[in-house]
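*Asks:* Handing you this structure, nothing more for now.
The values are calculated or read from the model by the stated rules, or taken from the named source; none is laboratory data. No experiment lies behind these values; they were computed from the predicted model shown. Cβ coordinates were reconstructed from backbone atoms using ideal geometry, including for glycine residues, and neighbour counts include every protein chain displayed.
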Amino acid sequence: MTCGRAALFALALFAAPAAQAVTINPVYSLSMLGGQYFYGGQQGALTGNFSALAAPAMRLNDEWDLFPTFTASYQGTKQVVDLVGAGTLFQEQMDCGAGLKPVYTPGWRHWKLKPSYGFRSEFLKETKDENWGQGLFDYRRHDFGVEAEYVYRDPFSLRAAADYSMTSFPNYSSLESKAAFELQGKALARELVGDKILDSNAILFTLAANAPWRKAVVEFSYSLLAQGFPNQHVVDETGNLVDPLRSDIGHILGAGVKTHVPLRRRWGEEIKMAASFDAAYILNTSNQNNYDALRMQYQSGYYDYSELRLSPAARFMIGNPDRPVTVGLSTAFWLRSYPNRMTQNSAGAYQPENLSSKSWMLSASVSRPIATRVKVLFNFQYGAAYSNQKYESFYKYSYSAVNYLFGVSYDY
């Protein structure tokens, strides 16, 4: 299904008759950036990034609001994406998406109900000469959800949500006869052999709340993710694929704090700051194991892991409150540990140490208005990942990347 067809499906699925004239408050955003990336000691050529958003919010009547969204983006800078339990390097990325979230405010005091539908299609190129739409890890995802929100003191609320998603990788398949050397001549784990074995269905339950605290807002959340793989059988200690299908369970605890701080005038300009700090802990368990067909090595609980994420950020607004110069600074840290996954040395021999990794990213941005709704932008990012895994013939565990981008954006 294309993004355009998904958008029409979303509108047909949730369209409600309006009792009065529809009021539309459109939000549009477009950015075009050019820049350069540096990855693994290699310098990239000048590339471009593009993103677009359309969100025409609709007020149907006193009870119904509709929030459709349409997005598209292209990224020409290299990136590492975790799709199968370790990082795969992609040269280019392109995606499009569409969604709709109706908001129903019934006669009950303080309550809101929010059903939703979303579709996303992502295209990932591992090599420059690969054609769009033929990438091994291209995927499509459909999301259906519903959320109930109780606003106990505007804007503070309690929320409960349930979501169901279907993700498919239409191009992913491997032949049984090529199990040992399937992908680009590299050894393939036994459990990843088959047709569409990365396809998955998932149910996500979330409880969340926010509340005032001094001059800040604190947020808490808990999510339970149950994910099933209808085409991926569990591998046993002999390397055979047996009847049980893979299923993963994830627990996600999140907490954060946000605040706005007015600062004194400096250099004749008014300065305001918005700061935030977010933390999350993730615990994932899976019944799937790993069998290295090339070395005949079996590891149970291979996809179990725990992860801690920390994300502090600050944004400064300088000058005219209606058209400020905005400076953003943020960083993020990830610490991940695999309790049942052994490391390998550079030759691929297994070691008794359990695999762990740590990553961090520093981001800085500046935007300055130059005309009505038009801004010039400059973004800088530096990221690095470190791991005790030394074997990287197929997946990337340790790397560093730098990119800078500059251009213009239009917001309506």
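*Asks:* Consider Gln299 against the criteria (1) buried (at least 17 other Cβ atoms within 10 Å of the Cβ); (2) closer than 30 Å to Thr331 by Cβ: it satisfies all of them except one. Which criterion is unmet?
*Replies:* The failed condition is (2).
*Asks:* Conditions first: (1) closer than 30 Å to Pro352 by Cβ; (2) assigned to a strand (DSSP E or B); (3) without any contact (Cβ under 8 Å) to a residue 60 or more places away in the chain. Tyr291 passes all but one, so which condition is the exception?
*Replies:* With respect to (1) closer than 30 Å to Pro352 by Cβ; (2) assigned to a strand (DSSP E or B); (3) without any contact (Cβ under 8 Å) to a residue 60 or more places away in the chain, Tyr291 is out only on (3).
*Asks:* Just the residues that are under 16 Å from Asn403 (Cα atoms), surrounded by 15 or more Cβ atoms within 10 Å (Cβ to Cβ) and either in contact with a helix residue (DSSP H, G or I) (Cβ under 8 Å, 6 or more places away or on another chain) or of a type in the set (A, V, I, L, M) (or both), please, taken from the range 350-368. Walk me through it before giving the result.
*Replies:* Here is the first cut: in the range 350-368, the ones under 16 Å from Asn403 (Cα atoms) are 360-366.
Retained after the next criterion (residues that are surrounded by 15 or more Cβ atoms within 10 Å (Cβ to Cβ)): 360-361, 363-366.
Result: Met361, Ala364, Val366.
*Asks:* Can you confirm whether Arg315 is of a type in the set (D, E, K, R), surrounded by 15 or more Cβ atoms within 10 Å (Cβ to Cβ), part of a strand (DSSP E or B) and free of Cβ contacts under 8 Å to residues at least 40 places away in the same chain?
*Replies:* Details: of a type in the set (D, E, K, R): yes; surrounded by 15 or more Cβ atoms within 10 Å (Cβ to Cβ): yes; part of a strand (DSSP E or B): yes; free of Cβ contacts under 8 Å to residues at least 40 places away in the same chain: no.
Considered against the rule, which asks whether it is of a type in the set (D, E, K, R), surrounded by 15 or more Cβ atoms within 10 Å (Cβ to Cβ), part of a strand (DSSP E or B) and free of Cβ contacts under 8 Å to residues at least 40 places away in the same chain, Arg315 comes out as no.
*Asks:* Residues of the range 24-66 being β-branched (Val, Ile, Thr) and in contact with a Leu (Cβ under 8 Å, 6 or more places away or on another chain), which ones? Don't jump to the end; show me each part of the working.
*Replies:* Taking the range 24-66 as the starting set, the residues that turn out to be β-branched (Val, Ile, Thr) are 24, 27, 47.
Within the range 24-66, just Val27 meets the criteria.
*Asks:* Here's a follow-up. Can you pull out every residue in the range 102-148 that is closer than 25 Å to Arg59 by Cα and hydrophobic (A, V, I, L, M, F, W, C)?
*Replies:* Val103, Trp108, Trp111, Leu113, Phe119, Phe144, Val146, Ala148
*Asks:* Just checking, does the range 174-189 include any residue being crowded, with 16+ Cβ neighbours inside 10 Å, modelled with pLDDT under 85 and either part of a strand (DSSP E or B) or aromatic (Phe, Trp, Tyr) (or both)?
*Replies:* Taking every residue of the range 174-189 in turn, at least one turns out to be crowded, with 16+ Cβ neighbours inside 10 Å, modelled with pLDDT under 85 and either part of a strand (DSSP E or B) or aromatic (Phe, Trp, Tyr) (or both).
*Asks:* Hey, can you tell me all the residues within the range 203-217 that are more than 15 Å from Tyr152 (Cβ to Cβ) and surrounded by 14 or more Cβ atoms within 10 Å (Cβ to Cβ)?
*Replies:* Hits for the range 203-217 are Leu204, Thr206, Ala216.
*Asks:* Restricting to the range 19-62, count the residues that are surrounded by 14 or more Cβ atoms within 10 Å (Cβ to Cβ), of a type outside the set (A, V, I, L, M) and not in a strand (DSSP E or B).
*Replies:* Just the residues of the range 19-62 that are surrounded by 14 or more Cβ atoms within 10 Å (Cβ to Cβ), to begin with: 28-39, 44, 47-61.
Within this subset, residues satisfying the condition of being of a type outside the set (A, V, I, L, M) are 28-29, 31, 34-39, 44, 47-51, 56, 59, 61.
Checking the rest, the ones that are also not in a strand (DSSP E or B) come to 44, 56, 61.
Summing the residues that are surrounded by 14 or more Cβ atoms within 10 Å (Cβ to Cβ), of a type outside the set (A, V, I, L, M) and not in a strand (DSSP E or B) in the range 19-62 gives 3.
*Asks:* Same structure, new question: Is it the case that Ser337 is in a strand (DSSP E or B), under 17 Å from Ser31 (Cβ atoms) and either in contact with a Phe, Trp or Tyr (Cβ under 9 Å, 6 or more places away or on another chain) or not hydrophobic (A, V, I, L, M, F, W, C) (or both)? Spell out the reasoning first.
*Replies:* Working: in a strand (DSSP E or B): yes; under 17 Å from Ser31 (Cβ atoms): no; either in contact with a Phe, Trp or Tyr (Cβ under 9 Å, 6 or more places away or on another chain) or not hydrophobic (A, V, I, L, M, F, W, C) (or both): yes.
It is false that Ser337 is in a strand (DSSP E or B), under 17 Å from Ser31 (Cβ atoms) and either in contact with a Phe, Trp or Tyr (Cβ under 9 Å, 6 or more places away or on another chain) or not hydrophobic (A, V, I, L, M, F, W, C) (or both).
*Asks:* Checking the conditions here, which among Tyr291, Tyr305 is at pLDDT 95 or above, surrounded by 16 or more Cβ atoms within 10 Å (Cβ to Cβ) and aromatic (Phe, Trp, Tyr)? Break it down stepwise before answering.
*Replies:* Working: Tyr291 fails: at pLDDT 95 or above.
Answer to the check: Tyr305.
*Asks:* Moving to a separate point now. Can you say whether Ser247 is more than 29 Å from Phe380 (Cβ to Cβ), at pLDDT 95 or above and crowded, with 16+ Cβ neighbours inside 10 Å, as far as the supplied structure shows? Lay out the reasoning, then the answer.
*Replies:* Working: more than 29 Å from Phe380 (Cβ to Cβ): yes; at pLDDT 95 or above: yes; crowded, with 16+ Cβ neighbours inside 10 Å: yes.
Judged against the criteria, Ser247 is a match.
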